[in-house]
Amino acid sequence: MLIGPDQTRFSVHKDVLCQRSSFFNAAFSGDWKEKNERKIALPDDNEELFSKFLGWAYTDDLDLGDEANERRTLAVPLYGFADKLGATALKNKIMDQLCNKVSRKVVPSTKMARRAFDDLQDGCKMQEYILDAWIYQNTPLDFKPPYELPESCMNKLVCRLFEQRTQKFWRRNSDTGFGRRCCYHQHDSFAPKRPKCEDDDDDDDDDTSDDE
């Protein structure tokens with residue numbers, strides 16, 4: 001692997017990449033030249049993000065940093081990088097760690113929100129998490145111009161607040177105290193549902209029957 005503009009070299013097992021990422025699986029399984037050359041270059045990405053991806057790919061552990069600012073700084077770009085690679089399980093891992101921190105009074109910053117709404121795919125789970133975390137912790141925000149937040153973020157926050165008032169919006173669980181275990185997950189062949197996620201589906205069915 002050649003990463004970044006300086007083409008920093010990483011030696012990686014192909015099977016690990018293919019098991020963790022739909023992008024790498026396609027690159028090494030299809031008719032791409034990378035399959036024959038056994039080499040992929042990602043000149044637009046940086047070494048820190050790839051190192052985080054690689055550490056997770058081999059160990060299933062993720063270190064976003066010990067301090068709140070470290071986590072907020074790294075979480076959004078790493079989520080975007082994971083999305084680019086089709087590493088859905090890594091995106092879910094990021095969301096799990098962030099949700100655990102919210103339950104300990106650590107909330108997203110406006111800087112983190114700007115980056116998420118400017119750089120990530122519209123409607124992604126990271127954006128949903130940021131809005132929900134603010135509402136959950138009653139985070140004070142300045143709605144007067146000049147706005148610190150993108151217009152799309154402000155509009156969705158208002159809609160989220162309306163949803164909170166009109167339906168059963170918060171469904172806590174004993175693990176995090178914030179949302180469902182699975183509500184900020186995505187699932188595909190690279191990130192199948194875990195038993196805890198299946199339990200959440202069962203609970204949702206029960207909640208529906210109780211709302212009569």
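Before moving on, here are some points about what is shown:
- Rg and Dmax [Cα atoms of the stretch 1-61; Å; Rg one decimal, Dmax integer]: 11.2, 32
- Ordering of 77-87, 151-161, 5-15 by burial proxy (mean other Cβ atoms within 10 Å per residue, highest first): 77-87, 151-161, 5-15
- Length gained when the stretch Ser51-Ala26 is fully extended (0.36 nm per residue, less Cα-Cα span): 6.9 nm
- Filter on Lys52/Lys156; Lys14/Lys125; Lys39/Lys93; Lys39/Lys193; Lys14/Lys111; Lys14/Lys52 - keep pairs with C-alpha separation over 25 Å: Lys52/Lys156; Lys14/Lys125; Lys39/Lys93; Lys39/Lys193; Lys14/Lys111
- Entry note, the stretch 1-89: relative contact order of 33 percent, from Cα contacts under 8 Å with a spacing of 6+ residues.
Values quoted throughout were computed directly from the atomic coordinates according to the rules given, and no laboratory measurement underlies them. It should be emphasised that the depicted structure is a prediction, and the values quoted were computed from it without experimental measurement. Here Cβ is always computed from backbone atoms with ideal geometry, including for glycine, and neighbour counts include all displayed protein chains.
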